[in-house]
Each structure stands twice: as C-alpha cells, then as structure tokens.
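Here the structure comes first, spelled out in structure tokens, and everything after it is commentary.
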Amino acid sequence: MAWRIAMDATEATLSAGPSDEPLYTFPELDGAFYLRPGGELAGFALRLPLRSRRGEPRDLWWEAADLDREGRAWLRYGQQEVCRAVSVLCREIPGERPYEKIVLETAFSSWGLRLPGVPLLRPRRVTLRLFSELRTVVPR
C-alpha cells in the first residue's frame, strides 16, 4: 500500500517557555515517514524551513530512526545539533479510506540550537510538535 503525507492535515509548531502559544508555525515541510510492515512508525526525516536572523531561509532538520528501540530524535540547525527524547503517537484510523494519524513532540533547551526568534538571555524549554496524517494513494 502506498501512502502520502496529507499536507492539508499537517501542522508543525515551535513554542518556548511555559506557554503553549506557538512562537512559530511552519508554513510547510518536506520529508518522509518510515513505517514498519505492521504500521508502527519506525522513523522520520523532516525539513522545516525557518527564517534566520539575517532573513535568509535556513532549515531545521528533525530526524529519527529505530524509534521503537531508541525513542530519540536529532534536531539540526546550521552547525548546532541536539539529540532528545521524542514522544510518538501513530495510529491507524480505519474507515472507507483508512489513514495513519501521527503526533510527534520533542523538547530541548533554547541554547542547544539558537533558533531565530527564541530569546537567548536565559535558557528556555523549546517544544517542537507535529500533527500529520498519512493517507493511502488511490490508484488512477
């Protein structure tokens, strides 16, 4: 069975500090999710475009492999990278057109990646969340 990321049902946000109010909502993303034959999420590789301090676009990369064994994901921005635990929810939603619902969340220190728009005066907890759906590709 072939799957595609449903961009109309995908949202990625970045929030900082005690507030869940998004600091940044990613307008788009590129990448892939890797499913095991039983439907479990094995890993992912996502590119999330951000604006840097100088205005040129730069990418935040969020990647994980062997989630069922390691439960960790790598985040990279420029030359900085961190590896943190990632919370994963992946469920098949049955129906006439079944789909996979995916929710990912990871938290890290603002000093770890020095992302644009995140105050650097003192370290803050930054949370990256993604909600997405994988839908079956209908043969033509």
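In summary, Glu96 fulfils each of the numbered conditions (1) farther than 15 Å from Arg4 by Cα; (2) at pLDDT below 90; (3) not in a loop (DSSP other than H, G, I, E, B) with the single exception of condition (3).
Would you please name the residue that is surrounded by the most Cβ atoms within 10 Å (Cβ to Cβ), looking only at residues in segment 75-117 that are more than 25 Å from Ala65 (Cβ to Cβ) and among the small types (Gly, Ala, Ser)? Checked segment 75-117; the qualifying residue surrounded by the most Cβ atoms within 10 Å (Cβ to Cβ) is Ser110.
Within segment 61-74, which residues are touching a residue at least 24 places away in the same chain (Cβ under 8 Å) and either closer than 19 Å to Arg36 by Cβ or surrounded by fewer than 14 Cβ atoms within 10 Å (Cβ to Cβ) (or both)?
Step one: of segment 61-74, the residues touching a residue at least 24 places away in the same chain (Cβ under 8 Å) are 62, 65-68, 73.
Passing the criteria: Ala65, Asp66, Leu67, Asp68, Ala73.
Whenever a residue of segment 118-140 is closer than 25 Å to Phe108 by Cβ and basic (Lys, Arg), its partners that are assigned to a loop (DSSP other than H, G, I, E, B) and modelled with pLDDT of 70 or more, lying with C-beta atoms within less than 6 angstrom and at least six residues away or across chains, give the pairs Arg124/Gly17.
Scanning segment 17-31 for residues that are loosely packed, with under 13 Cβ neighbours inside 10 Å and closer than 17 Å to Ala73 by Cα yields a single hit, Asp30.
Within this structure, Leu14 passes the test of being part of a strand (DSSP E or B) and surrounded by 15 or more Cβ atoms within 10 Å (Cβ to Cβ).
The values are calculated or read from the model by the stated rules, or taken from the named source; none is laboratory data. All of these numbers come straight from a predicted model, not from anything done at the bench. A quick note on method: Cβ atoms are made from the backbone with ideal geometry, for glycine too, and the neighbour counts reach across all protein chains shown.
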